[in-house]
Amino acid sequence: MNQLLVRSVMRRLVSGGTRNGCISSLSAAVMFREVHKPSSESVVMMSSQRLRFSGRWWRMMCSTTSKNSTTSSDVRKEDEKLSGDSVEKMEGEEEVALSNYWGVSRPKITKEDGSVWPWNSFMPWETYQADLSIDLSKHHVPKTFLDKVAYWTVKLLRIPTDLFFKKKYGCRAMMLETVAGVPGMVGGMLLHLRSLRKFEHSGGWIKALLEEAENERMHLMTMVELVQPKWYERLLVIAVQGVFFNFYFVLYLLSPKLAHRVVGYLEEEAIHSYTLYLNDIDRGEIENVPAPAIAIDYWRLPKDATLKDVITVIRADEAHHRDVNHFASDIHYQGKKLQEAAAPIGYH
């Protein structure tokens, strides 16, 4: 009954009825609603039809005479077509409209070969080719008391790592990257808060440290593609990250020069671990599998790149992080602030 009533009112509107006719039809519809209460099963259908009817009535009242000449058969066909649309579909269309309203949809990005860029976590202009010419043998000889504390702290941390992972270098690298991604984030965050609190520039060090954290995270995303962590390794990551984050947070507040020196020595150990990883690949003890797609795009590696190529560029990144953190610690040792020296932004 509700559908027949709505359609009859619409036909009267389209057939050129007068304004009084429209009002009388609408009045009849209102009276019918008051007399005849719809059943619970038809509530959703009536709501959908009322939305469509009100929108169609408004367009007809504002349209020109030529639009009013539309035949009732055309309206009937349109009504039959729209009757198949469900409330769920209307809600979905509203969500798309809201998404477009804010204008935050990502533009289409393509690679150099014209294919669609597949990653949301990094863009083509953030990729780079690793500098493999960096000196891997550099070492900061600990001289001061704090240097020795940093050095032996890192050496002691290596003992349980060696016992747990042994020669499982893939799992070791995965665990290492979950730790290595913390210092840059903590340091960048604290420098950011300091800049806001003291109304001073950071000299680019906020960005440099956050770049380091993001680079270490990309190392982890790559290693996860190569080594699927087991459940107990995931639990270990949660525990280690919770402990190390709070430890480094307090350490950076108390002594930034010691904190950066610790990271510098951690990166030296990372270089050593990745060198052992490469040695096992060269000896055939670890299969030199094809490089994952994320590594090929992030480091601009050739299409036929292998695991050895990936570990080589990661090791080069760690050498750059070693230099940055030892450099930052040296600045503090000279009694200066980080912003007094230009930050190595984009130094990979």
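See the values below:
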| quantity | calculated |
| --- | --- |
| Cα→Cβ-extended label distance, 7 Å offset, between S195 and K138, nm | 2.4 |
| Translational diffusion of region 236-281, µm² s⁻¹ [Kirkwood Rh, Cα pairs; Stokes-Einstein; 10 °C; 1.306 mPa s] | 131 |
| Paramagnetic reach from L226 (point 7 Å along Cα→Cβ, amide N under 17 Å) across region 138-173 | 165-173 |
| Neighbour cut-off at most 10 other Cβ (10 Å), DSSP loop, GluC sites (Glu not before Pro), region 265-344 | E285, E287 |
| Cα centroid of region 189-251 to Cα centroid of region 334-348, whole Å | 19 |
| Cα shape, region 117-176, gyration tensor, a/c 1.5 rule | oblate |
| Mean Cβ count within 10 Å, highest first, over the residues of peptides 309-317, 331-339 | 309-317, 331-339 |
| Nonlocal amide H pairs with T306, under 5 Å, H built at 1.01 Å | A291 |
| Rounded to whole Å, sorted largest first: equivalent-ellipsoid semi-axes of region 256-344, Cα gyration tensor | 33, 16, 7 |
| Hull volume in cubic angstrom per residue (convex hull over the Cα atoms of region 200-339) | 121 |
| Overall Cα dimensions of region 131-230 - principal axes, largest extent first, Å | 49, 37, 30 |
| Whole-Hz ³J(HN,Hα) from phi, Karplus 6.51 cos²θ - 1.76 cosθ + 1.60, for region 125-140, glycine and proline x | 6, 9, 7, 6, 9, 5, 7, 7, 7, 5, 6, 7, 8, 4, 8, 8 |
| Cα centroid separation, region 111-184 to region 266-320 (Å) | 11 |
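Computed from the coordinates by the stated procedures, all read-outs in this text should not be read as laboratory data. Computed from a predicted structure; not experimentally measured. Ideal geometry is used to build each Cβ from the backbone, glycine not excepted, and the neighbour counts take in all protein chains shown.
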